[in-house]
Amino acid sequence: MNRLILCLLFFAFVSTASAQFDANYDESKVPEFKLPDPLKMFNGKKIRNSKKWEKNRCPELLNFFTENVYGEVPGELAISSVQILEQSENALNGKAIRKQVDLVFKNHGKTLDFTVLIYLPKSVEKAPLFVGYNFYGNHTITEDVEVIISGSWARNNPSFGIINNQLTEQSRGVRTNRWCVDKIIDAGFGLATIYYGEVDPDKDDFSDGIHPLFYIDDQQQPAANEWGSIAAWSWGLSRAMDYFERDNAIDESKVVVFGHSRLGKTALWAGASDERFAGVISNEPGCGGAALSKRRFGETVWRINNSFPHWFCKNFRNYSKNEEALPVDQHELIALIAPRPVYIASAEEDRWSDPKGEFLGALYATPVFELYGKKGIEQTEMPGVNQPIQNTVAYHIRTGEHDVTEFDWEQYIKWAQKFIH
């Protein structure tokens, strides 16, 4: 009898614990919360113009996100050397220039390098550019057989021919649907992409990637306020920007940073922390990206810090199941990009990323853009599916799942042609 009671108690405990960890997809269960005002200082003072925003509120918010969410880069490190691994004036059936550029970094006796694949339209003398990371290697975004396969660690994906954490020829072109290279080139834009695993492998292990180049003495992992992987990937995008400023074929004043999912979170942080990016596109970034953390809908701070503890700095764990204590939310991250244009996108079936929370992030960032006379999200209700709002702050929700589609790129290109000056 005692054994039966113990078993029942055990299953009741497991059931309760499991329920606590289940994602909430019910709007009626979203907790009540007070959203912080991006135009009010932590001390309560109101911000009334762009000069006060830039002098007082922007640095205050940027510092909080740096110290408590993404983590601080513990120093500076310039490109040690640049090597053109391969170049062609006759790529993509003759309409593009292709470059594969290796950026090398050295510090404390350690070396890291990553390769930037660049396509530029031959029809444009100094091209505007989209830049973003890919998940499975530069060779996956195109059928182009000249694109080099990375030798870096990769997450296993047998359907892509990736086993033993090694990228292979079998995965060439498997993600062409996510990049629409021809449409980008035909629109007069260039495209640059980097395999994110070359900058920092996406695993809870700070023994490889860029982090060890900054370690001091016997340090084994970042300090509590130092960078997780998202900040490391953002750092890599800024170093790519350092190179773009040297390349006479690229208009460095018109570089738009793009990312999807965790790399959408990365694009937002890169744009917020590096003003050289002319615009930001964040595709379905979810929690820690554009979605409001305080909604606790779909992916949450607790879930993300437990499933991917390496993405954010350790200080962010203070807000796991404690979002009400956050003095900021993600609309203020988006606001840090002002007055530069920013595009947030959702997918109807991607509830994990919380489309409504992503929309609200864009909506509540809008007052900061309005300080500069820029137009943001003016309607308080989400737009219809496949009906984009294209202003300086742009948003759409499309049909489908967590992905990047041709529809997405068509909107991004149209928006960039209008707002990237």
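Based on what the data block shows, is Pro339 at pLDDT 95 or above and either closer than 27 Å to Arg48 by Cα or assigned by TED's automatic domain parsing to the domain that holds Arg178 (or both)? Yes; evaluated as a whole, the condition is true for this residue. When Glu410, Glu358, Glu348, Glu401 are checked against the criterion of being out of contact with any strand residue (DSSP E or B) (no Cβ under 8 Å at 6 or more places or on another chain) and of a type in the set (Asp, Glu), Glu410 stands alone in meeting it. Mind checking whether some residue in region 368-377 is over 22 Å from Thr266 (Cβ atoms) and touching a residue at least 40 places away in the same chain (Cβ under 8 Å)? Checked region 368-377: at least one residue is over 22 Å from Thr266 (Cβ atoms) and touching a residue at least 40 places away in the same chain (Cβ under 8 Å). For region 125-135, the criterion of being in a loop (DSSP other than H, G, I, E, B) and crowded, with 18+ Cβ neighbours inside 10 Å is met by at least one residue. If the condition is being exposed (fewer than 15 other Cβ atoms within 10 Å of the Cβ) and hydrophobic (A, V, I, L, M, F, W, C), then region 36-79 contributes Met41, Phe42, Ala78.
Every residue, every condition in (1) surrounded by fewer than 24 Cβ atoms within 10 Å (Cβ to Cβ); (2) within 23 Å of Lys203 (Cα to Cα), yes or no:
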residue	(1), (2)
Ser229	no, yes
Tyr243	yes, no
Ser253	yes, no
Ser261	yes, yes
Gly264	no, yes
Ala267	no, yes
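Can we say Trp269 is of a type outside the set (Gly, Ala, Ser) and either free of Cβ contacts under 8 Å to residues at least 40 places away in the same chain or closer than 18 Å to Leu35 by Cβ (or both)? The answer is no for Trp269. Scanning region 311-365 for residues that are among the charged types (D, E, K, R), outside any helix (DSSP H, G or I) and in contact (Cβ under 8 Å) with a residue 60 or more places away in the chain returns Asp329, Arg340, Asp350, Asp354. Restricting region 69-105 to residues that are small (Gly, Ala, Ser) and not in a strand (DSSP E or B) leaves a set whose member that is nearest to the chain's Cα centre (by Cα) is Gly71. Has region 172-186 got any residue that is among the aliphatic types (A, V, I, L, M) and farther than 25 Å from Gly94 by Cα? No, that holds for no residue. Annotation note: Cβ proximity below 7 Å between a residue of region 388-401 that is closer than 10 Å to Thr366 by Cβ and in contact (Cβ under 8 Å) with a residue 12 or more places away in the chain and a residue that is of a type in the set (Gly, Ala, Ser) and part of a loop (DSSP other than H, G, I, E, B) (sequence gap 6+ or interchain) occurs for Asn391/Gly376; Thr392/Gly376; Val393/Gly376. Answer yes if at least one residue in region 278-292 is out of contact with any Leu (no Cβ under 8 Å at 6 or more places or on another chain) and without any contact (Cβ under 8 Å) to a residue 60 or more places away in the chain, and no otherwise. Within region 278-292, none of the residues are out of contact with any Leu (no Cβ under 8 Å at 6 or more places or on another chain) and without any contact (Cβ under 8 Å) to a residue 60 or more places away in the chain.
Scanning region 366-382 for residues that are in a loop (DSSP other than H, G, I, E, B) and in contact with a Phe, Trp or Tyr (Cβ under 7 Å, 6 or more places away or on another chain) yields Leu371, Gly376, Ile377, Met382.
Taken together, the residues in region 342-366 that are closer than 19 Å to Lys294 by Cβ and touching a helix residue (DSSP H, G or I) at 6+ places or on another chain (Cβ under 8 Å) amount to 11. The requirement of being assigned by TED's automatic domain parsing to the domain that holds Met382, over 16 Å from Leu62 (Cβ atoms) and not in a loop (DSSP other than H, G, I, E, B) is satisfied by Trp302.
So the check is Cβ under 7 Å with 6+ separation or different chains; which pairs have a first residue in region 27-41 that's more than 12 Å from Trp53 (Cα to Cα) and a second one that's part of a loop (DSSP other than H, G, I, E, B) and charged (D, E, K, R)? From residues that are more than 12 Å from Trp53 (Cα to Cα), the pairs are Val30/Arg296; Pro31/Arg296; Leu35/Asp329; Pro36/Asp329.
Among helices (runs of 4 or more DSSP H) entirely within region 158-273, having at least 2 residues that are modelled with pLDDT of 95 or more and of a type in the set (S, T, N, Q) singles out 229-244, 262-273. The residue list Leu92, Leu191, Leu167 contains one member that is of a type outside the set (Ser, Thr, Tyr), in contact (Cβ under 8 Å) with a residue 12 or more places away in the chain and surrounded by fewer than 22 Cβ atoms within 10 Å (Cβ to Cβ), which is Leu92.
The values are calculated or read from the model by the stated rules, or taken from the named source; none is laboratory data. Predicted model, so just to flag it, every value in this text is computed and none were measured. Please note: Cβ atoms are built from the backbone with ideal geometry, for glycine as well, and neighbour counts cover all protein chains shown.
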